[in-house]
Amino acid sequence: MTKFFDAVVFDCDGVLVDSEPLMMKVDQRVFADMGWNVELADLAEIFMGSSQAFFHAEVERRVGRTLEPNWADLYSAWYEDVFARELREIPGISAVFDALELPFAVASNSSHHRIRSSLTTVGLLDRVDGRICSADDVPNGKPSPDVYLRAAELLGVDPQRCMAIEDSEPGTQAARSAGMHVLAYRTSLTPKSWFSHPDLTVFGSMDAVPELVQGLTNNGPPVSSGS
């Protein structure tokens with residue numbers, strides 16, 4: 001049987017760990033403290049899956065002033081406290097790791113420190129240690145493809161032979177630009193306008209991933225009728 005894919009690359013926040021809702025609730029408090037009151041749904045649309053450079057520039061634009069380079073350090077304890085108490089793995093992700101027969105890696109816009117801290121908190125670091133690619137490692141974060149190309153290089157696999165599992169529009173853009181087929185994880189936080197590209201495989205539960213990966217590996221992605 002022809003095998004169409006050789007590896008899987010996972011995003012981290014929102015795919016491995018349930019950090020997105022926690023982060024946005026703290027973001028909301030932080031921005032209110034800075035004078036910008038914003039709804040949670042709008043935060044998802046604006047920031048979910050974005051790079052640190054975009055985050056910094058957009059916050060400056062929204063609050064109407066230039067921020068000190070270390071401005072976020074003033075609020076780091078707020079995030080650390082919430083993550084230490086409430087961070088959990090995404091339901092079903094350990095079972096996905098157990099079921100996968102392909103090698104896998106992580107490609108994230110977060111720093112190595114935060115990725116490792118989050119994965120340690122939920123007990124997943126040992127499953128991916130040594131196969132973590134961060135925006136720290138590349139010139140540009142998502143939606144640029146750099147971190148996905150680096151993950152494929154780390155695995156020793158052609159990017160076009162990789163599947164990516166993502167939960168954000170910038171992430172799907174990054175993986176698609178790297179030549180990967182994307183499994184797009186839609187949750188209650190996902191803006192309705194996201195994941196409309198016809199060549200994405202959209203799913204709503206990690207329970208579906210092992211079967212999807214096996215089907216794509218053996219049969220290839222469905223042929224798109226549009227662009």
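The values are calculated or read from the model by the stated rules, or taken from the named source; none is laboratory data. Quick caveat: nothing in here was measured; it's all calculated off a predicted structure. All Cβ positions, glycine included, derive from the backbone under ideal geometry; neighbour counts span all protein chains shown.
Restricting Arg150, Arg176 to residues that are in the same structural domain as Asn109 (by TED's automatic domain parsing), of a type in the set (Lys, Arg), within 22 Å of Ser19 (Cβ to Cβ) and not in a loop (DSSP other than H, G, I, E, B) narrows the list to Arg150. The condition of being of a type outside the set (S, T, N, Q) and in contact with a Phe, Trp or Tyr (Cβ under 8 Å, 6 or more places away or on another chain) holds for only one of Arg186, Arg176, Arg114, that being Arg186. For the range 180-193, the criterion of being closer than 26 Å to Gly215 by Cβ, surrounded by fewer than 20 Cβ atoms within 10 Å (Cβ to Cβ) and free of Cβ contacts under 8 Å to residues at least 40 places away in the same chain is met by at least one residue. From the list Ser196, Ser144, the one residue that fits, being modelled with pLDDT of 95 or more and surrounded by fewer than 20 Cβ atoms within 10 Å (Cβ to Cβ), is Ser144.
Only residues that are touching an Asp or Glu at 6+ places or on another chain (Cβ under 9 Å) and surrounded by 13 or more Cβ atoms within 10 Å (Cβ to Cβ) were counted in the range 89-98, giving 5.
If you filter the range 1-33 down to residues that are more than 17 Å from Phe104 (Cβ to Cβ) and part of a loop (DSSP other than H, G, I, E, B), you find that the one that is modelled with the lowest pLDDT is Met1.
A quick yes/no check of all residues on (1) crowded, with 17+ Cβ neighbours inside 10 Å; (2) under 26 Å from Leu155 (Cβ atoms):
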| position | (1), (2) |
| --- | --- |
| Met48 | yes, yes |
| Glu58 | no, no |
| Gly64 | no, no |
| Asn70 | no, no |
| Tyr79 | yes, no |
| His112 | no, yes |
| Leu119 | yes, yes |
| Val128 | yes, yes |
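Among the conditions (1) modelled with pLDDT of 90 or more; (2) in contact with a Gly (Cβ under 9 Å, 6 or more places away or on another chain); (3) under 18 Å from Ser168 (Cα atoms); (4) not assigned by TED's automatic domain parsing to the domain that holds Leu183, Trp36 misses just one, which is (3).
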